[in-house]
Amino acid sequence: MPESLFGKTLDELNSMSQDLGFPAFTGKQIAEWIYRKEITGIEEMTNLSKKTRALLSSRYSIGLQNPVDVQESADGTKKYLFPGTPGKFIETAYIPDRKRATVCVSSQVGCKMGCLFCMTGKQGFQGNLSAGEILNQYRSIPEWKSLTNIVYMGMGEPLDNLDEVLKSLEILTSPWGFALSPRRITVSTIGITPAMLQFLENSDAHLAISLHTPFDDQRRKLMPVQQVYPLQEVLSEIRSWDFGRQRRVSFEYILFKNLNDSNAHIHELSRILHGIRCRINLIRFHPIPDTPLNSPDEKSILEFREKLNAKGITTTIRASRGQDIWAACGLLSTKKWMNKE
Ligand code: SF4
């Protein structure tokens, strides 16, 4: 299979052009064709000579891939599946919401992190996605031109695939790429401290950290990462990082019934987040097979939000979307994957 052009940074396109003996400006021209215009083949790059196009086509393809499946929820949310490694699938969610339209991209197929509440974690790890495969989830859904936001919250831990994630962010935000504002992009992590610091250093995108409980012993049970990169260490780095006025840090908090929804949790959250300019997004847990965890009712979610707000922590509830189409992270691809086995 020819190598893909889509997903290469300008530096990579320049060095490829140099290796193939093309004029110096060819890399920039190719970047414009693949990221700023809509073409389906190299032969459409009409400002490149015929000879250049022929040589390029003999080794490369554009590399865009259409989804192989889509399911649409009654609320307008769509789940797309893109082909991954043979027999495996990349899951992408499109979430329209009044003035916003968000795409939620995956960064890996499966995941190594083993969070107790996550279906993707139960799949195990099958591989990292390339920058091209990450970006293809944005560029190859039919709604791509109407998208207002991109979140890295699909399958996988983005900061466990740091190089490709950083490359994809560079292409999304560079003037030679899609030229999107980094303020429209949020990368979510469970808190891999060294990779998080590299991400903060090398990108201006927003950061979301999966918190889920402020207590060390409980977080160890829910999220094995706590044993290696404890939340305390993550928060201490966040506290000392200058986020500036525009960049945002937020915390994701999945609420589980009778587990992390007590007053003690409110109290401890307000203590450990003290002094950090942030907000908390509450997410209702939706049960997945083979977990002892349960979903809270609407009233307790509202109460939890009110109590956090009363403590001075801006707290919102993320609306549950697409429940009728396997909305939880990893469920759709798992279903498809299991059907294929
Ligand atoms: S929640 Fe995220 S990091 Fe944890 S297992 Fe699932 S995909 Fe991996």
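The values are calculated or read from the model by the stated rules, or taken from the named source; none is laboratory data. None of the values given here were measured: they were computed from a predicted structure. Note that we place each Cβ from the backbone using ideal geometry, even for glycine, and neighbour counts take in every protein chain shown. Quick note on the areas: whole protein, heavy atoms, side chains included, nothing else; ligands and nucleic acids left out. Shrake-Rupley method; radii C 1.70, N 1.55, O 1.52, S 1.80 Å.
So in segment 124-138, with the set limited to residues that are among the hydrophobic types (A, V, I, L, M, F, W, C) and in a helix (DSSP H, G or I), which one is surrounded by the most Cβ atoms within 10 Å (Cβ to Cβ)?
Checking each candidate, the answer is Ile134.
Looking at Ile192 and the list (1) among the hydrophobic types (A, V, I, L, M, F, W, C); (2) near the ligand (Cβ under 10 Å from one of its atoms); (3) touching a residue at least 60 places away in the same chain (Cβ under 8 Å); (4) open to solvent by 10 Å² or more (accessible area, probe 1.4 Å), which single condition is not satisfied?
(3)
Name the residue, out of Phe6, Phe25, that is aromatic (Phe, Trp, Tyr) and without any contact (Cβ under 8 Å) to a residue 60 or more places away in the chain.
The unique qualifying residue is Phe25.
Select from segment 93-104 the residues that are in contact with a strand residue (DSSP E or B) (Cβ under 6 Å, 6 or more places away or on another chain) and either near the ligand (Cβ under 9 Å from one of its atoms) or open to solvent by less than 30 Å² (accessible area, probe 1.4 Å) (or both) and list them in ascending order.
Ala93, Tyr94, Thr102, Val103, Cys104, listed by residue number.
Sort out which residues of segment 233-255 are in a strand (DSSP E or B) and over 13 Å from Gly275 (Cα atoms), and write them in order of number.
Ser250, Phe251, Glu252, Tyr253, Ile254, Leu255
From Leu56, Leu48, which residue is assigned to a loop (DSSP other than H, G, I, E, B) and crowded, with 20+ Cβ neighbours inside 10 Å?
Step by step, each of Leu56, Leu48 is checked, and only Leu48 is assigned to a loop (DSSP other than H, G, I, E, B) and crowded, with 20+ Cβ neighbours inside 10 Å.
Could you please find all residues in segment 61-91 being open to solvent by 40 Å² or more (accessible area, probe 1.4 Å) and among the β-branched types (Val, Ile, Thr)?
The answer is Val68, Val70, Thr85.
Given the conditions (1) within 12 Å of the chain's Cα centre (by Cα); (2) more than 10 Å from the ligand (Cβ to nearest atom); (3) within 26 Å of Arg219 (Cβ to Cβ), report the number of the one that Pro158 does not fulfil.
Only one criterion in (1) within 12 Å of the chain's Cα centre (by Cα); (2) more than 10 Å from the ligand (Cβ to nearest atom); (3) within 26 Å of Arg219 (Cβ to Cβ) is unmet by Pro158, namely (2).
Residues checked against (1) touching a residue at least 12 places away in the same chain (Cβ under 8 Å); (2) touching a helix residue (DSSP H, G or I) at 6+ places or on another chain (Cβ under 7 Å):
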site: Phe199; (1), (2): yes, yes
site: His212; (1), (2): yes, yes
site: Gln227; (1), (2): no, yes
site: Ser240; (1), (2): no, no
site: Arg248; (1), (2): yes, no
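Within segment 227-235, is there a residue that is touching a Pro at 6+ places or on another chain (Cβ under 9 Å), within 13 Å of the ligand (Cβ to nearest atom), open to solvent by 50 Å² or more (accessible area, probe 1.4 Å) and closer than 24 Å to Gly127 by Cβ?
yes
Is there a residue being among the hydrophobic types (A, V, I, L, M, F, W, C), in a helix (DSSP H, G or I), open to solvent by 10 Å² or more (accessible area, probe 1.4 Å) and more than 21 Å from Met153 (Cα to Cα) anywhere in segment 23-34?
Within segment 23-34, the first condition is being among the hydrophobic types (A, V, I, L, M, F, W, C), and the residues that meet it are 24-25, 30-31, 33-34.
Going one step further and asking which of them are in a helix (DSSP H, G or I), we end up with 30-31, 33-34.
Still in the running and open to solvent by 10 Å² or more (accessible area, probe 1.4 Å): 33.
Retained after the next criterion (residues that are more than 21 Å from Met153 (Cα to Cα)): 33.
Looking for residues that are among the hydrophobic types (A, V, I, L, M, F, W, C), in a helix (DSSP H, G or I), open to solvent by 10 Å² or more (accessible area, probe 1.4 Å) and more than 21 Å from Met153 (Cα to Cα), one finds at least one in segment 23-34, hence yes.
Mind telling me which of the residues Gly27, Gly7 ends up being on the phi > 0 side of the Ramachandran plot, of a type in the set (Gly, Ala, Ser) and touching a helix residue (DSSP H, G or I) at 6+ places or on another chain (Cβ under 6 Å)?
Sole residue among the options that is on the phi > 0 side of the Ramachandran plot, of a type in the set (Gly, Ala, Ser) and touching a helix residue (DSSP H, G or I) at 6+ places or on another chain (Cβ under 6 Å): Gly7.
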